[in-house]
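*Asks:* One structure is given below, represented as structure tokens, and several questions about it will come after.
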Amino acid sequence: EPQDGSPSPRRVLMWLGSSIGNYSRQEAYDFVAECRDTVLRPGDFYLIGMDRRNPRPIIELAYNDPAGVTRDFIINGLHHCNNLMG
């Protein structure tokens, strides 16, 4: 919160993983409600990436492709974050 009395900037909460599709409807509702109640304030935004529920073999192949492209992408992102954050 700003100490000079100026209004707080709006927050944007982004959850771009499509894993909400793996929750039951009640679990998804509870998760979104908890974020709303604990993180967001009136006027803030919440962007959620969603996908349909896919069969397990399709999900596993997407995250563990035979060529290792996904693994390399994730490892590269983790190295980049480590370089930025120390």
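The values are calculated or read from the model by the stated rules, or taken from the named source; none is laboratory data. Quick caveat: nothing in here was measured; it's all calculated off a predicted structure. Cβ sites come from the backbone with ideal geometry, for glycine too, and all protein chains shown count toward neighbours. Ligands, DNA and RNA are stripped out before the accessible areas are found, and what is left, the full protein with its side chains, is counted by its heavy atoms. Shrake-Rupley method; radii C 1.70, N 1.55, O 1.52, S 1.80 Å.
*Asks:* Can you show me the helix-derived [θ] at 222 nm for the chain, built from DSSP H runs with n ≥ 4 at -39,500 (n - 2.57) apiece and divided by the number of residues, rounded to the nearest 500.
*Replies:* Taken over the chain, the calculation gives -14500 deg cm²/dmol.
*Asks:* What part of the accessible area of the chain, given as a whole %, is carbon or sulfur when the probe is 1.4 angstrom?
*Replies:* 58
*Asks:* Let me ask something else. Tyr46's amide H: which non-local residues (gap 5+, or another chain) put their own amide H closer than 5 Å, with H modeled 1.01 Å from N in plane and none for Pro or chain starts?
*Replies:* Leu13
*Asks:* Starting from the alpha-carbon convex hull of the chain, give the projected area averaged over all orientations, in nm².
*Replies:* That works out to 8.5 nm², a quarter of the Cα hull's surface.
*Asks:* Can you give the accessible area of Thr38 in Å² (nearest 10), computed on protein heavy atoms with a 1.4 Å probe?
*Replies:* 100
*Asks:* Mind putting a number on the dipole of the chain about its Cα centre? Charges go on the C-beta only, +1 for Lys and Arg and -1 for Asp and Glu, and I need it in Debye to the nearest 20.
*Replies:* 220
*Asks:* Next up: In a Gaussian network model over the chain where Cα atoms closer than 10 Å are linked, find which of Val39, Val69, Val12 has the largest mean-square fluctuation.
*Replies:* Val69
*Asks:* Put +1 on the Cβ of each Lys and Arg and -1 on the Cβ of each Asp and Glu in the chain; which of Val12, Val39, Ala67 then has its Cα farthest toward the positive end of the dipole?
*Replies:* After comparing all options, I get Ala67.
*Asks:* Express the accessible area of the stretch 1-83 per residue in Å², computed with a 1.4 Å probe while the remaining protein chains stay in the model.
*Replies:* Dividing the accessible area of the stretch 1-83 by its residue count gives 85 Å².
*Asks:* Separate question: In the Gaussian network model of the chain, springs joining C-alpha atoms below 10 Å, which of Ile20, Ile59, Ile75 carries the largest mean-square fluctuation?
*Replies:* Looking only at Ile20, Ile59, Ile75, the biggest GNM fluctuation is shown by Ile75.
*Asks:* Most mobile of Gly21, Gly49, Gly68 per a Gaussian network model of the chain (Cα springs, under 10 Å)?
*Replies:* Checking each option, the largest mean-square fluctuation is seen for Gly68.
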